[in-house]
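The block underneath contains the structure these notes are about, expressed in structure tokens.
Bear in mind that the values in this text are calculations on the coordinates, not laboratory data. What you are looking at is a predicted structure, and each value in this text was computed from that prediction instead of being measured. Heads up, the Cβs are rebuilt from the backbone with ideal geometry, glycines too, and the neighbour counts pull from every protein chain shown.
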Amino acid sequence: MTLFSFRPDKRKIKKMLEENKVNEVIEKAVKDKKILDILFELLDDENPGTAGDAILVLTTIISEKPEVIGKVLTEEKALRVLKLISARNPYVREGAMVFTMNAIRKYRPVYEGMRDKIVAEIGKLLEEGDKNQRGFAILLAKELKLGELKDKVEALVDVKDKVMLPFEGYKWVPLGQIAEKALKEL
């Protein structure tokens with residue numbers, strides 16, 4: 001048994017996030033897979049600020065060094081983030097939306113490998129989510145060409161409620177309009 005452990009400490013990473021040392025965490029995470037794993041663990045933190053910051057760091061790494069996340073993104077981790085779209089905290093929820101969309105575009109095979117789980121999760125969002133969650137679920141169904149969800153998307157075509165999603169072109173857009181466009185590709 002070794003006297004000293006060189007494994008990064010989850011508490012230390014959490015403290016860095018709480019102290020707004022996001023750039024430092026990004027630098028460390030790019031160099032150390034264990035820190036990436038800690039960031040995925042922090043998605044379940046009881047403090048929504050910590051979970052949101054962890055998503056922010058992971059999303060930034062996707063943008064700046066996509067190969068780094070590509071090496072560690074598993075179906076389990078991708079599904080963990082996808083489930084955060086149902087979070088009550090908007091920082092966590094919107095971060096999960098941005099991460100998920102970016103990850104699907106860069107690591108499509110991971111998501112295609114768990115198609116049944118994705119269909120179930122997105123189907124649940126289409127039925128039970130708020131208008132913004134439903135709007136995002138429609139975008140995911142369109143992005144992944146989930147024809148299995150066509151009926152659920154079609155049911156939202158007449159909805160006039162306006163959604164605000166964290167993506168260009170999706171601020172104050174009627175939910176039905178998003179559904180209508182998506183149906184053309186499902």
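Helices (runs of 4 or more DSSP H) fully within the range 46-113 that include at least 1 residues being of a type in the set (S, T, N, Q) and at negative phi: 48-64, 90-106.
The residue that is nearest to ARG105 (Cα to Cα), counting only those in the range 45-63 that are among the acidic types (Asp, Glu) and more than 13 Å from the chain's Cα centre (by Cα), is ASP45.
If I filter the range 113-128 for residues that are touching a Leu at 6+ places or on another chain (Cβ under 9 Å) and over 17 Å from LYS83 (Cβ atoms), do I get at least one hit? Scanning the range 113-128, I find no residue that is touching a Leu at 6+ places or on another chain (Cβ under 9 Å) and over 17 Å from LYS83 (Cβ atoms), so the answer is no.
Please verify whether LYS131 is of a type in the set (Lys, Arg), in contact with a helix residue (DSSP H, G or I) (Cβ under 6 Å, 6 or more places away or on another chain) and in contact (Cβ under 8 Å) with a residue 12 or more places away in the chain, treating the condition exactly as stated. Criteria met by LYS131. Candidates are the residues of the range 94-124 that are buried (at least 23 other Cβ atoms within 10 Å of the Cβ) and in contact with a Ser or Thr (Cβ under 8 Å, 6 or more places away or on another chain); the one that is farthest from GLY70 (Cα to Cα) is GLY95.
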